[in-house]
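To start, the structure itself, in structure tokens.
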Amino acid sequence: MMSVNPLKKILWLMLIIPSILTAGITGKIQGQVVEAVSGEPLVGVNVIVDGSNMGASTDIDGYYILIGLSPGTYSIRASYIAYAPMMITDVKVMVDLTTDVNFELQPQVLEGELVTVVAKAPTVRKDVTSTSYRVSSEEIEALQVETLSDIINLQAGVVEGHFRGGRGGEVMYIVDGIPINDSYSGDVPMDIENDMIQAMEVISGTFNAEYGQAMSGIVNIVTKEGQDYFAGKVSTYFGDYISNHSETFDHIEDVNPLAINNLQASLSGPFLSIWGISANFSVMARKSYSEGYLFGQEIFLPRDSSNFYDPEHPSLDSTGSGDVVALAPNERMTVQGKITIKPYSKGKVNISGFYQTREYRDYDRQFKYNPLGNYQRINGDYRGSLQYTHLFSAETFLTLNASRGYTEYSQYVYENWQDPRYVPLWYATGTGGNGFSTGGMRMWQHRRSNEDNIAKFDFTSQITKQQKVGLGMSLKQGNLWLHEYWIYFDEKNQVNQPPDSSWYNNMYTHKPIELTAYIQDKLELGEMIINAGLRYDYFDPDGQVPLDFNDPRHSELRKAETSSQVSPRLGIAYPITDVGVIHFSYGHFFQIPAYEHLYINPDFEVSLIQLEGDQPPRGRFNSMGNAELQPQKTVSYEIGLKQGLTDDLTLDITGFNKDIRDLIGMEVRDDIYGGRYFRFINRDHANVKGITVALEQRGTPGGFGFGIDYTYQVATGNASDPNEEWVRQQADPPIESEKKRVILDWDQTHSLNLTGTTTQAGYHISIIGKLGSGLPYTRSSARYSNRIYNGEREPMTLSLDLNITKDLKINGLQLSPYIKVSNLLDRKNTKDVYDSSGSAEYDYDMSFQNYRGYGTQEEYYSRPDFYYEPRKILFGLSIRFGGPK
């Protein structure tokens, strides 16, 4: 806890410390220029980035440094009187890394002579101090994956979004230096399109002090800027799921070539060049739709009313069309663009915009034959940012960044709660809750919006040849609004909302503030690299806390206290051979809990009666937020070796350990009226340890590139979910909380990833394979009395994807037809199982239940959603035009 004084200190520091560049979006080039014959350093050589105003002169020892370069591929030119100018092409710059480019200048013999050399990327980057995966736009295209998540889940130690055994929501996603996570849930509200990614870094190990609000990893994305030439791309694909498992996936044999379809276009180029001012643009738009692989039938409509309480004489009311209906459809629209303006030689302005909407439904087996009774879900995300960069010199530059993000989410059956199509709850309970819905609908309405306004400024300067220092600060002001309520019918059969004083009607607005400051130092001491940093975070939740937890509803309230913490970070890389590096890193990482855990149940209401019906969309009955939740903490360290085996083949071995404290859990409390409620507190803990082994063969033109990595890890803790204590208390009898660490729900002990790419005779081929040992589950059944938490394992999973593209040149256009096949082997990979059997096929507990309802008991317990998607085949075509001349 802290008073307001540290806030004043931070504001004061923000006024007096000059800061620049938004960290994590640029790289550095350095090197030495010498005389080719004698090897003597040349002083005052002009070294410039070809086609730009960025350049430097060599010092007395012939050294030069260029910082603040966006990731990409460059040509570097060195020129000096009486020497032939030299150009080194294909120089790769990566985020946060140094690229060495050295020149040996020859005496000039012929006027206009230019020596050109193609750079060769180093086998091992010697300044990488922790585990990270960097991928360029060219490499993304070679993999031929559909989405950003496809790339992320290929990284060692990542299991369905969980980085190295952490909980979901512990990864920060950053686009052009700005975090984009939804503060309410911690989720990522938008998908960055692959065609707009210039470079991406996935950090699954420790990370530097400029990164915060993450305990498990960072996904850092830099989007494309427009170039000085026009280039564009139009692409489309279509397809469907083609599977032999019709016994599991209903209607999967009904192939519809347009069940999955996509259309997208991108264009970039210059649009202004006047009075020394130039401006380029890059824009793309995409619309996609997928029916998914889970289907039902519209046998019933929500207005239908059936009754199965008397199995001998059921009452059946069916007015549905009988049409086959997708139960988990997904439609998405995206527009993304960036304008880059260079108003003068040492300045640059980036204006970025992002718009994305998504309409979808989540699968709910209850509504297999009454699909319109399930929730509609609508998500929108709108973001804009302004980034200004000023280059003071080749060693120092400034970037100011301001952004505004707005996320909105709605969940309902009908948009208007007074819609006449709403019917009383008993329409949905005619089967007693253990059969398919034959009428009625879900009765909650949930709407929320979150606006984040962010101001950032950071300073980076290469103060000596060996030392680069960065300072940065940011201010984030949130504006979170939520309203959710349960719809019911009163004694007059009139539709109503519960009163504001009810647990079943909640509304709030909060404006939390986050302040951060950091200092990061990179020392290049000969062969050894040291990354050392310190980060400070401050949080004001803008919330209230009851003084009396025995009667929280009527208690006086006080303002929630603020919190702060300091996070040290250290990383070291030390070469042991010309192509071998040992790296070690250590750090403390904090993360403010998702806002939903701070503010749920804002009036601190405790209901004595749980009404019949479903739970609220993002909560549990009588759960209660806590605005004084402290940041969750991870102390992590790793040690590893990266060794070049050949010029293009590397081996990486890394061991890691994470000690996780103050995770969000629940405490159980009783009020003076006999009500029981569940309040979020910092109580859970976990530990993750493991080792990764990765072998990578860098691809060459006409050759073959591959990557294979294996991860062994053990993730243990006292609970897998913040709501786990609530779930335990609903059992009969209640299940006692775990006193010791147990295996966590996402603990995949063994995982293996494989990628392979090659280009042959104009064909681009990529193969992606994933193998994972089974996830844990808790065996429980009416037939068994012994319950060991996560003591059993689900079956292993195996998937193989194949992508083939052919390039054709026709009248200045590049036409590329392609085919993408996911789950090539059409394997039924288990996503979930019945606790009684350990199988997705059957439930032992069926024999202890009397089924009443539409269809058969066997059909009701058939769960296609317990499997990952079957084989999917897409056919597509992309057309490219323009490009450099």
Do you know which residues across the range 251-266 are open to solvent by 60 Å² or more (accessible area, probe 1.4 Å) and either part of a strand (DSSP E or B) or among the aliphatic types (A, V, I, L, M) (or both)? Val255, Leu258, Leu263
Checking the conditions here, which among Gly405, Gly470 is within 28 Å of the chain's Cα centre (by Cα) and within 30 Å of Val49 (Cα to Cα)? Gly470
Pair list, Cβ under 7 Å, 6 or more apart: the range 786-804 residue of a type in the set (Phe, Trp, Tyr), other residue part of a loop (DSSP other than H, G, I, E, B): Tyr789/Glu738; Tyr789/Thr778
Tell me, yes or no, whether the range 843-850 has at least one residue that is within 28 Å of Ile768 (Cα to Cα) and open to solvent by less than 70 Å² (accessible area, probe 1.4 Å). no
Boolean, Arg683 is open to solvent by less than 20 Å² (accessible area, probe 1.4 Å), without any contact (Cβ under 8 Å) to a residue 40 or more places away in the chain and more than 30 Å from Ile767 (Cβ to Cβ): no
Identify the single condition in (1) modelled with pLDDT of 90 or more; (2) among the acidic types (Asp, Glu); (3) in contact with a strand residue (DSSP E or B) (Cβ under 8 Å, 6 or more places away or on another chain); (4) open to solvent by 30 Å² or more (accessible area, probe 1.4 Å) that Asp614 does not satisfy, given that it satisfies every other one. (1)
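Just to be sure before I move on: is Ala156 in contact with a Ser or Thr (Cβ under 6 Å, 6 or more places away or on another chain), among the small types (Gly, Ala, Ser) and buried (at least 21 other Cβ atoms within 10 Å of the Cβ) in the structure I sent?
So Ala156 fits the description; yes.
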If you take the residues of the range 752-777 that are at pLDDT below 90 and not in a strand (DSSP E or B), which of them is surrounded by the most Cβ atoms within 10 Å (Cβ to Cβ)? Gly762
Considering the range 267-287 alone, what residues qualify as being among the hydrophobic types (A, V, I, L, M, F, W, C), assigned to a strand (DSSP E or B) and open to solvent by 20 Å² or more (accessible area, probe 1.4 Å)? Leu267, Phe271, Leu272, Ile274, Ile277, Phe281, Val283, Ala285
Go through the range 26-56 residue by residue and tally those that are without any contact (Cβ under 8 Å) to a residue 24 or more places away in the chain and not in a loop (DSSP other than H, G, I, E, B). 1
Within the range 122-137, considering residues that are closer than 16 Å to Glu527 by Cα and of a type outside the set (Val, Ile, Thr), the one farthest from the chain's Cα centre (by Cα): Pro122
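Listed here are the residues, each with its yes/no results for (1) under 27 Å from the mean Cα position of the chain (by Cα); (2) open to solvent by less than 60 Å² (accessible area, probe 1.4 Å); (3) aliphatic (A, V, I, L, M); (4) modelled with pLDDT of 95 or more.
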position	(1), (2), (3), (4)
Asn657	yes, yes, no, yes
Asp671	no, yes, no, no
Gly674	no, no, no, no
Arg698	yes, no, no, no
Pro701	no, no, no, no
Glu724	yes, yes, no, no
Gln729	no, yes, no, no
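For the range 351-397, give me the residue count where each residue is aromatic (Phe, Trp, Tyr), open to solvent by 40 Å² or more (accessible area, probe 1.4 Å) and part of a loop (DSSP other than H, G, I, E, B). Outline the logic, then answer.
Quick first cut of the range 351-397, residues aromatic (Phe, Trp, Tyr) only: 354-355, 360, 363, 367, 369, 375, 382, 388, 392, 397.
Within this subset, residues satisfying the condition of being open to solvent by 40 Å² or more (accessible area, probe 1.4 Å) are 355, 363, 382, 388, 392.
Those left that are additionally part of a loop (DSSP other than H, G, I, E, B): 363.
The qualifying residues number 1.
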Which of the strands (runs of 3 or more DSSP E) found entirely inside the range 618-718 contain at least 2 residues meeting this: of a type in the set (Asp, Glu) and over 30 Å from Asn506 (Cα atoms)? 649-670
Are there any strands (runs of 3 or more DSSP E) wholly within the range 144-250 with 1 or more residues that are small (Gly, Ala, Ser) and in contact (Cβ under 8 Å) with a residue 40 or more places away in the chain, and if so which? 197-203, 217-223, 231-241
If we take the range 789-885, then strands (runs of 3 or more DSSP E) inside it with 1 or more residues that are modelled with pLDDT of 95 or more are 797-806, 813-822, 872-882
Checking the conditions here, which among Asp419, Asp452 is of a type in the set (D, E, K, R), over 33 Å from the mean Cα position of the chain (by Cα) and closer than 25 Å to Leu482 by Cβ? Asp419
The one condition in (1) modelled with pLDDT of 90 or more; (2) out of contact with any Lys or Arg (no Cβ under 7 Å at 6 or more places or on another chain) that Val413 fails to fulfil: (2)
Which numbered condition in (1) touching a residue at least 60 places away in the same chain (Cβ under 8 Å); (2) more than 29 Å from the chain's Cα centre (by Cα) is the only one that Met284 fails? (2)
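The values are calculated or read from the model by the stated rules, or taken from the named source; none is laboratory data. No experiment lies behind these values; they were computed from the predicted model shown. For neighbour counting, all protein chains shown are included, and Cβ atoms are generated from backbone atoms with ideal geometry for every residue, glycine included. For the accessible areas, the whole protein counts, side chains as well, though only heavy atoms, and no ligand, DNA or RNA atoms are used. Shrake-Rupley method; radii C 1.70, N 1.55, O 1.52, S 1.80 Å.
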